[in-house]
1. Give THR58, THR67, THR31, THR48 a once-over and let me know the one that is among the β-branched types (Val, Ile, Thr) and over 16 Å from the mean Cα position of the chain (by Cα).
2. So ASP78 fits all but one of (1) of a type in the set (Asp, Glu); (2) in a loop (DSSP other than H, G, I, E, B); (3) not assigned by TED's automatic domain parsing to the domain that holds ARG12; what number is the exception?
3. Provide a single number: the residues in segment 43-61 that are surrounded by fewer than 15 Cβ atoms within 10 Å (Cβ to Cβ) and either closer than 18 Å to SER13 by Cα or in contact with a Phe, Trp or Tyr (Cβ under 6 Å, 6 or more places away or on another chain) (or both).
4. Search segment 6-31 for residues being in a helix (DSSP H, G or I) and among the small types (Gly, Ala, Ser), and hand back the single one that is farthest from ILE86 (Cα to Cα).
5. Which residues, taken from segment 32-45, are in a helix (DSSP H, G or I) and at pLDDT 95 or above?
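The values are calculated or read from the model by the stated rules, or taken from the named source; none is laboratory data. If you're wondering where the values come from, they're calculated on a predicted model, not measured in any experiment. A quick note on method: Cβ atoms are made from the backbone with ideal geometry, for glycine too, and the neighbour counts reach across all protein chains shown.
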Amino acid sequence: MINCERLICLRRSRGLTQLTVSKDLYISRSTYSSYERGIRQPSSDMLTRLASFYGVSTDYLLGRSDTPLLFSGLPPRDVSLLNGLISASDDEKQVIHFILRRSLG
């Protein structure tokens, strides 16, 4: 079963709407919405398309792995840090950006 919260987090972290994602995947917004709400499960083909769209593994979408494909091979500490950055609020991201710019010159 697809992890609905991860699907929502992936979409929101990219600043996308359900309508935008559904158009890019050539499905209706209501179909995509039903995936996010857990009302409907995507087919294996759609699961693969969703994983490709978001740049993660199907195992990540299914909740079998806590590491998106994007971070595979990194030490757990680094994966945790990157996941924290992805899920940070806009204000938190601005603070992080400020700190990095100051420290890197």
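1. That would be THR31, the only listed residue that is among the β-branched types (Val, Ile, Thr) and over 16 Å from the mean Cα position of the chain (by Cα).
2. Result: ASP78 passes all but (2).
3. Residues meeting the conditions: 2.
4. Ranking the candidates gives SER30 first.
5. Correct list: TYR32, SER33, SER34, TYR35, GLU36.
Conditions (1) at pLDDT 90 or above; (2) part of a helix (DSSP H, G or I), marked per residue:
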{"residue": "LEU50", "(1), (2)": "yes, yes"}
{"residue": "THR67", "(1), (2)": "no, no"}
{"residue": "LEU85", "(1), (2)": "no, yes"}
{"residue": "ALA88", "(1), (2)": "no, no"}
